[in-house]
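Structure first, commentary second.
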Amino acid sequence: MFGSIASAQAEPRRAAHGAGEVDTEHMFGFTEGSDIGAVGEKELETDSTARFGRAAGSYSNIATAFEAKYTFTEYFRVSAAATVSFYDITGVNGFDDRRQGALQSFSIDARFRLLDRERAPIGLTIGVIPKWGLKDDVSGAPADQYRTEFLLIADRELIPDRLFGAVNISYEREETRLRATDEALRESALGLSGALAAQVMPGVFLGAEVRNLRHYEGLGLDRFAGQSLYVGPTLYMTLGAQFWLSAAWNVQAWGTTAEGGALDLTNFERHQVRFRLGVNF
């Protein structure tokens, strides 16, 4: 239905990495863009997220996803990923000390583009991301973890070929069974982020993003546990016709827990860093 409407309104879309075309998906750091690639496009990507700093002790966690994507139609893309993680945890309240690498999880990401930003006032895409984990993704403890994330992604070209903006809303629900104790944990999260990116030279974009993340106990946002506000710079650049990289560094500038406080270093980290490298063919 969407394809027939769009075809009647405009010329066929140019290939996502053709001359003069900009792909917004990875442009904004942790915030996503609405583009999903051209029909038949394949993409291989590494996506690394590093998290540092908790309320006490020493905490670091680096997770790298190896992902393959395929765009079936102009309005649907699917990808699959396997993630490996390295944990270095000492003296953090509620966590066992741990220094190890592990196979973390498997996931599928289905993206449905509702509006094409070249033919409508905004680009609009929804995403559904189910994930099965072999470890607790925060503590690294052996566990069976099931998570589903829902994404609403909107973006717009604010100044032609120069300035782009994006807004994301996310809802996440997660069930974890710790194997050592058979304890079952049920949690949910709500996220809102906004970002801008400006093309400072051909193929190079610098920007900034702001993210508010809220953590709850219970699958339905039942009991507020804490929230954080992250801010930081972003970088996106193309490397020739097929390769690209994206980087972002976010710092928790403000936060609070259910008990109050100026930061939430119980549910969230002080620093979050993301680096992605991909090739399209």
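Overview of results
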{"item": "Hits in region 237-274 (condition: under 27 Å from residue 164 (Cβ atoms), more than 17 Å from the chain's Cα centre (by Cα) and not hydroxyl-bearing (Ser, Thr, Tyr))", "result": "237, 239, 240, 241, 242, 243, 253, 254"}
{"item": "Within region 21-74, tally of residues that are part of a loop (DSSP other than H, G, I, E, B) and under 13 Å from the mean Cα position of the chain (by Cα)", "result": "8"}
{"item": "Flag if residue 83 is buried (at least 16 other Cβ atoms within 10 Å of the Cβ), in a strand (DSSP E or B) and within 16 Å of the chain's Cα centre (by Cα)", "result": "yes"}
{"item": "Residue match in region 211-228 (condition: crowded, with 18+ Cβ neighbours inside 10 Å and touching a residue at least 60 places away in the same chain (Cβ under 8 Å))", "result": "yes"}
{"item": "Total residues in region 23-49, condition surrounded by fewer than 20 Cβ atoms within 10 Å (Cβ to Cβ) and hydrophobic (A, V, I, L, M, F, W, C)", "result": "3"}
{"item": "Residue 94, sole failed condition from (1) within 30 Å of residue 116 (Cβ to Cβ); (2) assigned to a loop (DSSP other than H, G, I, E, B)", "result": "(1)"}
{"item": "Conditions (1) of a type in the set (A, V, I, L, M, F, W, C); (2) open to solvent by less than 40 Å² (accessible area, probe 1.4 Å); (3) under 19 Å from the mean Cα position of the chain (by Cα); number of the one not met by residue 190", "result": "(2)"}
{"item": "Test: residue in region 90-102 that is in contact with a Ser or Thr (Cβ under 7 Å, 6 or more places away or on another chain) and crowded, with 21+ Cβ neighbours inside 10 Å", "result": "no"}
{"item": "Hits in region 251-278 - residues which are closer than 19 Å to residue 52 by Cβ, among the small types (Gly, Ala, Ser) and in contact with an Asp or Glu (Cβ under 7 Å, 6 or more places away or on another chain)", "result": "255"}
{"item": "Test: residue in region 196-206 that is of a type in the set (Gly, Ala, Ser), in contact with a Leu (Cβ under 6 Å, 6 or more places away or on another chain) and more than 23 Å from residue 59 (Cβ to Cβ)", "result": "yes"}
{"item": "Counted residues, region 194-210 - those being crowded, with 16+ Cβ neighbours inside 10 Å and β-branched (Val, Ile, Thr)", "result": "1"}
{"item": "All strands (runs of 3 or more DSSP E) inside region 167-281 with 1 or more residues being small (Gly, Ala, Ser) and out of contact with any Gly (no Cβ under 8 Å at 6 or more places or on another chain)", "result": "184-201, 223-239, 243-257, 271-280"}
{"item": "Answer from 137, 109, 116 - the residue that is open to solvent by 30 Å² or more (accessible area, probe 1.4 Å) and not hydrophobic (A, V, I, L, M, F, W, C)", "result": "137"}
{"item": "Residue check for residue 122: open to solvent by 50 Å² or more (accessible area, probe 1.4 Å) and under 16 Å from the mean Cα position of the chain (by Cα)", "result": "no"}
{"item": "Test: residue in region 200-219 that is hydrophobic (A, V, I, L, M, F, W, C) and either touching a Cys at 6+ places or on another chain (Cβ under 9 Å) or under 25 Å from residue 108 (Cα atoms) (or both)", "result": "yes"}
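The values are calculated or read from the model by the stated rules, or taken from the named source; none is laboratory data. Everything quoted here is computed from the prediction, not taken from an experiment. When we count neighbours, we look across all protein chains shown, and the Cβ atoms used for this are built from the backbone with ideal geometry, even at glycine. Remember, those area values only see protein heavy atoms, side chains included, never the ligands or the DNA or RNA. Shrake-Rupley method; radii C 1.70, N 1.55, O 1.52, S 1.80 Å.
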